[in-house]
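Novice: Structure below; questions to follow.
The values are calculated or read from the model by the stated rules, or taken from the named source; none is laboratory data. It should be emphasised that the depicted structure is a prediction, and the values quoted were computed from it without experimental measurement. Cβ: placed from backbone, ideal geometry, glycine included. Neighbour counts: every protein chain shown. To get the accessible areas, we keep the full protein, side chains included, count just its heavy atoms, and leave off ligands, DNA and RNA. Shrake-Rupley method; radii C 1.70, N 1.55, O 1.52, S 1.80 Å.
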Amino acid sequence: MTLTYLFRSLRWRAATPALAGAIALFLILPAVVHAQVPDDLPAEALSAGVVVDSIQVEGNQWVESNLIIGTIGLSTGSTITFVDIQDAERRLWATGRFRDIQVFARGGSTDDDPVILTFRVEENPIISSLRFEGLRNVSERDVRDESELRTGEPYSAQKAVLAKAIIREKLADRGIPFAQIEERQVPLEDTEGEVELVFQVTEGTRVVVSQVAFDGNEVFSDSELRSVLSTRQEGFWWFRSGEFHEETLDDDLRDRLPEFYAANGYLDFQVLGDTLIIDQDSGKSRLEVMVDEGPQYRIADFSVAGNRRFPAQELERYYSQEEGGLLRSLGIGRDRTDGAPVFDRTAFRDATEQVEQLYRNQGYLYVQVQPLIDRLPPEEEGGNPRVQLTWRVEEGQPAYIRRINIKGNTFTHDRVIREQIALLPGDIYSEERVLRSYQSISGLGFFETPLPFPDIQPDPETGDVDITFQVEEQQTGSINFGTSMGGATGVAGFLGYEQPNLFGQAKSGSLRWDFGRYQNNFQLQYTDPSLWQSRISGSVSLFRARDRFFSFATGEQVRTGGLTRFGLPIPGSLYSRVFLGYNLSRTDYRLREGAEDTSLFGRPPGTQSAVSLGVTRRTQDHPIFPTVGSHLSFDNTFSGGVLGGDGDFTKHELRGEWWVPVGRIGGEQPGSRPIIFALGLRAEGGAIFGDAGNFPFDRFWLGGVQFGESLRGYEETTITPQGYFSRGSGQINDIDRLGDTYMTMGAEYAVRLNDNISVSAFYEAGNVWRHPREVDPSRMFRGAGLGVQLVTPFGPIGLDYAYGFDKTVPGWQLHFRMGGTGAF
């Protein structure tokens, strides 16, 4: 067994490939100016300027002299100085065709003695062929393309150094960090001035970290410290490969490990060094890290100075909350029974950022919160050292918004975008409202995403700001066609056209035809979110629908009619609206020949005349994939009575949905889209009062995602007021699957990968009852599972795999959904 010991030090660490390449380039580049001036040409003459009589070139074999003189750019008869010679030499170096350049000047000792400039060059050979020997784990093409080394061009030492750096970096990414590369030029015997460039690569063994050990740690165990590192030792599972990456280890020892100790009060922690012991035969390695933990610091006192806008007690709570958190409020966390609380530097830094954010949301754009940490000796011998914490606040003056500009919208009207902006000129600047405006504009779906982050330009004289939102139009109208499948309608096709931004004014129009064995539906819809450029919205829809439900096989219904709806803003509330609508339709029921169950479709046709009244409040940041905000609605439908028609009932539905972000990955650069982790909660319910017997499909049924109220883990309409009945069960009539009251609730943990893809885990429960007085929240059917949702040119589609806990035989159920259907 051959062991290699690599002693690494944080103070003397090998440079990264890019830095190493830069150093190498610096060392190999010849001096730009080394012009030689003989004794007969006084230096002061050249400094002052001399007239050049002629320019000569020596040493060139393949590059023509006229081409070199043209590149030099000096003409005979002109007056030149040292600066002109330096510029000429730089131009020659820039061609990459020379490995050495020298400039000589002679003459000029008298007025009659002509000055002659001689450029003596040594040319780089031409690369006839390029070969990599021993390179197995990196693509030769990638190295050629990234280094720009090409045959038929002069040899470039800079590009050769870059090629070697690229090879080392790519091998290191694959766990082979100690490659050796030798470069040689092989002259061609039959062609003068051409060489074969050969890179001889000895890749070495792939290094795998099989063990990580620490020396000097007393407070935290090796296993606790290993969990902090991104460098993982080899494990049983495939994702624990244990590959060694030097840059990752550098980040571990320079950032992650000290940050972990600082969060636990060990401010003087140091990594003294590290050693990697490698078995050259197997590539297995043992990483040993030497540390000095130092003492643990505790908080002596915490104060705030310079604050006027917010009281000190309110600001201090930001650190106490950040440093404590939910778990410690429940008694879980570091023990504080032995005295003053432990200082958490990470929490202190995060709290400082939150306080600055608080000020910026109140218009103090230029606030500076300086965190001061003064170290104090222990109060008693053998005790812990302490820190005196201070926030020194320089509030400055609040900034006001002077102008709001919109750029890049070549089709969409400014008014459409401005309605999404939660700010007005003259308002106090708020970073939170700028971010919300940015998210609302992105959520329109009219522009390329991610949008550039708003450009905020302060006025140096007044401190007020101009905000510019930059957008780029994207194609919005689409022709949709394809097939769909649902538990309610079976397999069907669809064809339609949708334009959500008619005339660039966010008016939407759609035409859709759904056809198949179980349905033949036609719908024409138009919506104007701003009638006559006011804040009143309106929509009108005409439809004819023939539905033969897959879940109800005893017949079909045919509905023909139209509806109109208007929305009005609630004064003083930016996100709340009241909706008023009217619906007139006729429904025909057609019983399938030979059907024994006549409870659902064996009824006469009916005409429904109904008025709807509802209120909604929506603050969510995205219409499909929200991560923050809420959506609350209360809808009421009044059918029959003084309105006429064949029904006489009222229908009431209440829905609530809340989202909060719980984490993110990436998105540090302005305008970039991070991966966001969000938690959502949902609760909804509905009740019918009166006689809805003539219109059974206005009642509630539960299960699945395509039909009625959704509950994943169960097929459509299988949850009934009488309990669970599988689809097609002869033990229950179709009409008995419906109820006049329902309730569902759920929670979802979602990962918003981008604006088009989301994956989630969910848990939900619900039930349906015959009458509101029978509601029993303790009697709920439960489901849980995983889901994925995509936004496609045909609209949103989703796939859920859920487990129904309360079926007769519990088990899994696969759901496919199209459009905005589904629980969340």
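Novice: As a test of the formula, what do you get for the chain when each DSSP H run with n ≥ 4 contributes -39,500 (n - 2.57) and the sum is divided by the residue count, at 222 nm and rounded to the nearest 500 deg cm²/dmol?
Specialist: -5000 deg cm²/dmol
Novice: Using alpha-carbon positions, what is the distance between the centroids of the range 154-222 and the range 494-510, in Å?
Specialist: 57
Novice: Just want to confirm a number: the relative contact order over the range 693-778, from Cα pairs under 8 angstrom separated by 6+ residues, in percent.
Specialist: That works out to 26 percent.
Novice: Suppose we keep just the DSSP beta bridges with both residues in the range 101-222; what percent of those would be antiparallel, to 5?
Specialist: 70
Novice: Two decimals is fine: what is log10 I(q)/I(0) at q = 0.19, 0.28 Å⁻¹ for the range 727-770, from a Debye sum with one equal scatterer on every Cα and no solvent?
Specialist: -0.74, -0.98
Novice: Give me the percent relative contact order of the chain, please, defined on Cα pairs under 8 angstrom at least 6 residues apart.
Specialist: Reported relative contact order: 5 percent.
Novice: At a threshold of 8 angstrom on Cα-Cα distance, excluding pairs fewer than six apart, so keeping six or more, what relative contact order does the range 503-647 reach in percent?
Specialist: 15
Novice: Rounded to a whole number, what % of the accessible area of the chain do carbon and sulfur atoms account for, probe 1.4 Å?
Specialist: 53
Novice: Of the listed values (1) 1.31; (2) 1.09; (3) 1.15, identify the label whose number matches Rg/Rh (Cα atoms, Kirkwood Rh) calculated from this model.
Specialist: Comparing each candidate, only (2) matches the computed number.
Novice: Would you list, by chain and number, the aspartates and glutamates whose Cα falls below 14 Å from the Cα of K170, excluding same-chain residues fewer than 8 positions away?
Specialist: By straight Cα distance, K170 reaches E140, D142, D145, E146, E203, E243, E246, E247.
Novice: In the P(r) worked out for the range 120-207, what percent of Cα pairs fall beyond 15 Å?
Specialist: Roughly 58 percent, once rounded to a whole number.
Novice: When all C-alpha to C-alpha distances in the range 373-456 are sorted into bins of 10 Å, what percent of pairs does each bin hold, rounded to whole numbers?
Specialist: 13, 34, 16, 11, 12, 10, 4, 0
Novice: By how many nm would the segment from I373 to S210 grow when fully extended, if each residue of separation counts as 0.36 nm and the alpha-carbon distance is taken off?
Specialist: So the chain would gain 54.7 nm between I373 and S210.
Novice: Suppose every K and R has +1 on its Cβ and every D and E has -1 on its Cβ; what is the size of the dipole of the chain about the Cα centre, in Debye to the nearest 20?
Specialist: 4460
Novice: I want the local charge near V788. Using Cβ-Cβ distances under 14 Å, sum +1 for each Lys or Arg and -1 for each Asp or Glu among the other residues.
Specialist: Charge balance near V788 sits at +1.
Novice: Over 25 Å apart: what share of the alpha carbon pairs of the range 688-824 falls there, rounded to a whole percent?
Specialist: 28
Novice: Residues with beta-carbon under 9 Å from that of G59, excluding G59: net charge, scoring Lys, Arg +1 and Asp, Glu -1?
Specialist: -3
Novice: Same structure again: Quick one: which of 734-743, 294-303 comes out on top by average Cβ neighbours within 10 Å, and what's the full order, highest first?
Specialist: Ranking, from highest mean packing down: 734-743, 294-303.
Novice: Relative to the longest principal axis of the C-alpha atoms of the chain, give the angle of the C-alpha long axis of helix 431-443, reported between 0 and 90° and rounded to the nearest 10°.
Specialist: Result, in degrees: 70.
Novice: Which semi-axis lengths, in whole Å and largest first, follow from the square roots of five times the eigenvalues of the Cα gyration tensor of the range 355-513?
Specialist: Output for the range 355-513: semi-axes of 49, 26, 10 Å.
Novice: Sort 531-538, 656-663 by the packing proxy (mean of other Cβ within 10 Å over each peptide's residues), most packed first.
Specialist: Result, highest mean first: 656-663, 531-538.
Novice: Which value, in Å to one decimal place, does the Kirkwood hydrodynamic radius take for the range 635-708 when every pair of different Cα atoms is included?
Specialist: Its Kirkwood hydrodynamic radius stands at 16.1 Å.
Novice: Compute the helix-to-body angle for 17-28: its Cα long axis versus the longest principal axis of the chain, expressed 0 to 90° and rounded to tens.
Specialist: 20
Novice: Round to the nearest 10 and give me the degree value, 0 to 90, for the angle of helix 312-329's Cα axis relative to the longest principal axis of the chain.
Specialist: 80
Novice: Tell me, what is the per residue accessible area of the range 601-704 in Å², probe radius 1.4 Å?
Specialist: It amounts to 44 Å² per residue over the range 601-704.
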